[in-house]
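Peer 1: Below are the structure tokens for one structure; questions will follow.
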Amino acid sequence: VFSDVYNGTVTFLPLEENTKGECWIKKCNIYQIQLTHIKDEEWSVSLVAPFPEDWFSDGMGYPKLAWLGNELLFKLAKWSVEEKPSSFKSTLSLISVAKYSKVYQDLKGKYKEMVKVWPEVTDPEKFVYEDVAIATYLLILWEEERKEKGLIKKQSFVDLGCGNGLLVHILNNEGHSGRGIDVRRRKIWDMYGPETHLEESTIMPGDSHLFPDTDWLIGNHSDELTPWIPVIAARSSYSCCYFVLPCCFFDFHGKYSRSQSKKTQYREYLDFVAQVGFVCGFHVEEDCLRIPSTKRVCLIGKNRTYPPTECALIDKQITQYIGNRQTCTVVMCDRRVGSNHTDHCGGVCKEAGSELPENETETAGTIWIPGFQPRKKVEQMRNCASLPRDFVDDVVLSVANLLLNAAPQKSCSNMHDGNTNTWNQGESLSLKEVAEHLNKETLKRLKSEYGGLQTLLKNNHQVFEVLNGRVHIRDWRKEKPSRKTEPEVKRRLSAEAFKTRLCWFFVHHPDGCSLPSESCPYAHGTEELRQSQIIKKKKHM
């Protein structure tokens with residue numbers, strides 16, 4: 001990294017290294033950030049990449065050029081002027097950064113091929129490199145724990161809500177015995193082989209889902225199970241630890257409700273999950289992971305704040321805390337919810353002679369809270385994909401006309417067959433401004449879908465571009481052709497989809513399409529339409 005303070009530039013030269021330790025500059029990914037003084041208190045920040053056509057992206061070490069230009073610059077400008085101190089820990093504060101970097105590069109090289117064969121509909125670059133990064137963190141954390149406690153055997157684990165199972169696969173391969181449990185089997189599970197242990201099962205917080213022989217419980221974006229993981233760890237055994245990476249906001253009995261407006265919702269939720277850990281008798285530590293996600297703060301409980309003889313007291317404390325967070329109706333109906341059980345600490349509590357009274361205990365197999373809603377086995381599609389096509393088309397046309405008719409109009413020169421024409425790009429509006437122009441019934445219908453209006457507009461990426469909360473009409477002349485570095489499967493799908501749908505601009509835009517027919521990936525008229533070669537995946541609704 002070369003910093004030129006006088007000229008206001010920082011230049012990044014990526015270095016590659018081979019097995020012999022020889023280094024060279026990856027020229028195609030050189031980039032520079034420039035700070036320019038315009039006048040008075042006005043400054044601008046810009047990005048320069050000398051070889052944009054050859055840019056290589058792997059989603060992690062080498063981010064996408066569009067992300068650098070559209071997302072990073074926006075955030076740099078924001079960070080430069082705000083004075084709000086961060087409420088989060090610095091990245092990788094609990095482990096060695098040097099060791100992390102080395103192990104991460106090793107694992108990345110070992111598992112990068114997963115990106116090419118990823119069978120799920122999710123983004124392979126994000127999920128593969130994110131799970132590699134989380135696995136790296138856990139491996140180093142566990143190695144340091146073995147040194148601290150004088151352990152020889154590698155820790156065992158259970159990943160609750162394991163999803164695609166890649167994290168389990170990596171940890172198993174790296175010598176840690178463990179398994180992943182999820183309510184729904186994924187297609188990629190079949191690719192791992194028998195050495196990766198994955199189970200399709202519903203987890204209900206209760207006596208039947210305790211793990212007394214497990215060293216660590218993992219909750220990686222575990223949704224409704226997130227606040228329960230410290231509880232399950234505390235009640236599994238005195239030596240059981242946990243690692244959670246909270247994402248969606250859930251309480252013990254459903255969606256989490258905010259109680260403070262001075263904190264961000266994310267910070268408030270992290271504090272809640274940390275508080276659960278404290279109530280469960282853990283010394284809770286917080287760290288920030290180096291992953292491609294906005295939700296990257298993890299909470300770790302690996303040491304207890306109480307001796308084994310106080311196990312029953314802590315268990316009673318947990319019961320009262322869970323009960324207090326329920327609605328008054330639930331608490332009045334059953335005061336015994338989540339009460340103490342004799343097996344939670346491997347008999348230690350019984351030996352200590354501090355059991356709860358008989359009327360406070362429950363039979364084995366009890367669910368700790370009534371009304372707990374686990375994830376459904378069949379995932380409900382609520383991403384605007386199930387909305388009627390006519391409804392979607394009407395919304396798309398309404399929003400496009402709103403942008404096209406907004407003043408002042410933006411017209412861009414375009415060359416068609418040697419003639420210079422102006423093509424109306426319309427104006428950009430915030431999502432809030434767009435929503436204000438739609439009728440209440442339309443908004444109500446969109447609100448029932450995850451993401452609502454923004455998701456619908458992003459789904460219709462042929463027409464719209466949504467950047468930093470603002471909606472623009474997409475100008476296809478600015479879209480760069482597929483890079484050579486793009487995964488083979490994406491290039492193949494793009495080729496198979498060519499001219500299989502009508503061009504929205506050709507049909508609806510007052511100036512037609514900004515591209516000539518031979519350059520546009522969509523059909524200019526029904527005579528250009530090709531039959532799709534893509535096999536439609538059956539979706540079980």
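Peer 1: What's the carbon and sulfur percent of segment 2-81's accessible surface, probe 1.4 angstrom, rounded to a whole number?
Peer 2: Carbon plus sulfur share of accessible area: 59 percent.
Peer 1: Run the dipole for segment 2-81 about the Cα centre, Lys and Arg Cβ at +1, Asp and Glu Cβ at -1, nothing else charged, and hand back the magnitude in debye, nearest 20.
Peer 2: The dipole of segment 2-81 has a size of about 100 debye.
Peer 1: For segment 2-78, which trypsin sites (Lys or Arg not before Pro) are in a loop by DSSP, counting at most 10 other Cβ atoms within 10 Å?
Peer 2: In loop regions of segment 2-78 (DSSP not H, G, I, E or B), the sparsely surrounded trypsin sites (Lys or Arg not before Pro) are Lys20.
Peer 1: What do you get for trypsin sites (Lys or Arg not before Pro) in segment 246-328 restricted to DSSP loop and a cutoff of at most 13 other Cβ within 10 Å of the site's Cβ?
Peer 2: Arg258, Lys262
Peer 1: Summarise the accessible area of segment 97-327 (1.4 Å probe, protein heavy atoms) by the percent that is carbon and sulfur.
Peer 2: So the carbon and sulfur contribution to the accessible surface is 53 percent.
Peer 1: Run through every distinct alpha carbon pair of segment 69-209 and return the Kirkwood hydrodynamic radius in angstroms, one decimal place.
Peer 2: Across segment 69-209, the inverse of the average 1/r is 17.5 Å.
Peer 1: Using the Cα centre as the reference, give the magnitude of the dipole from point charges on the C-beta atoms of segment 151-244 (Lys, Arg: +1; Asp, Glu: -1; all else neutral), rounded to the nearest 20 debye.
Peer 2: For this selection, approximately 80 debye.
Peer 1: Can I ask one more? Using Cα-Cα distances under 8 Å and only pairs 6 or more residues apart, what relative contact order does segment 97-327 have, in percent?
Peer 2: RCO, segment 97-327: 15 percent.
Peer 1: When only C-alpha pairs under 8 Å and at least 6 residues apart count, what is the relative contact order of segment 122-240, in percent?
Peer 2: Reported relative contact order: 24 percent.
Peer 1: Mind checking the full-extension length gain between Gln462 and Asp4? Use 0.36 nm per residue of separation minus the Cα-Cα distance, one decimal, nm.
Peer 2: 160.8 nm
Peer 1: Divide, for segment 2-81, the radius of gyration over alpha carbons by 2.2 N^0.38 Å, where N is the residue count.
Peer 2: Dividing the Cα radius of gyration by 2.2 N^0.38 Å gives 1.26.
Peer 1: Something else about it: Report the Stokes-Einstein translational diffusion coefficient (µm² s⁻¹, integer) for segment 97-327, Rh taken as the Kirkwood radius over Cα pairs, at 37 °C with viscosity 0.692 mPa s.
Peer 2: The diffusion coefficient I find is 180 µm²/s.
Peer 1: What accessible area per residue, rounded to a whole number of Å², is obtained for segment 41-165 using a probe radius of 1.4 Å?
Peer 2: 54 Å²
Peer 1: So if I place +1 on the C-beta of Lys and Arg and -1 on the C-beta of Asp and Glu, and nothing else carries charge, what would the dipole magnitude of segment 97-327 be about its Cα centre? I want it in debye, nearest 20.
Peer 2: That gives segment 97-327 a dipole magnitude of about 480 debye.
Peer 1: Rounded, prolate or oblate: which one fits segment 136-234, using the alpha carbon gyration tensor with axes a ≥ b ≥ c (rounded when a/c is under 1.5, else prolate when a/b beats b/c, else oblate)?
Peer 2: In terms of gyration-tensor shape, oblate.
Peer 1: Nearest 0.05, what FRET efficiency do Ala77 and Ile367 give at R0 = 51 Å with Cβ-Cβ as r?
Peer 2: 0.50
Peer 1: Any idea how far apart Glu441 and Phe391 come out in nm if each label point goes 7 Å out from Cα toward Cβ?
Peer 2: The answer from the label model is 1.1 nm.
Peer 1: Rolling a 1.4 angstrom probe over the protein heavy atoms, how many square angstrom per residue are accessible across segment 217-300?
Peer 2: Using a 1.4 Å probe on heavy atoms only, each residue of segment 217-300 averages 31 Å².
Peer 1: Further, regarding this structure: Determine, from the Cβ-Cβ distance of Lys478 and Asn173 and an R0 of 35 Å, the FRET efficiency 1/(1 + (r/R0)^6), rounded to the nearest 0.05.
Peer 2: Rounded to the nearest 0.05, the efficiency is 0.25.
Peer 1: Mind listing which trypsin sites (Lys or Arg not before Pro) in segment 91-170 are in a DSSP loop and have 10 or fewer other Cβ atoms within 10 Å?
Peer 2: Lys153
The values are calculated or read from the model by the stated rules, or taken from the named source; none is laboratory data. Keep in mind that this is a model prediction, so the values were computed, not measured. Glycine gets a Cβ as well: all are built from the backbone with ideal geometry, and neighbour counts include every protein chain shown. We work out accessible area using only protein heavy atoms, side chains counted, and drop any ligands, DNA or RNA first. Shrake-Rupley method; radii C 1.70, N 1.55, O 1.52, S 1.80 Å.
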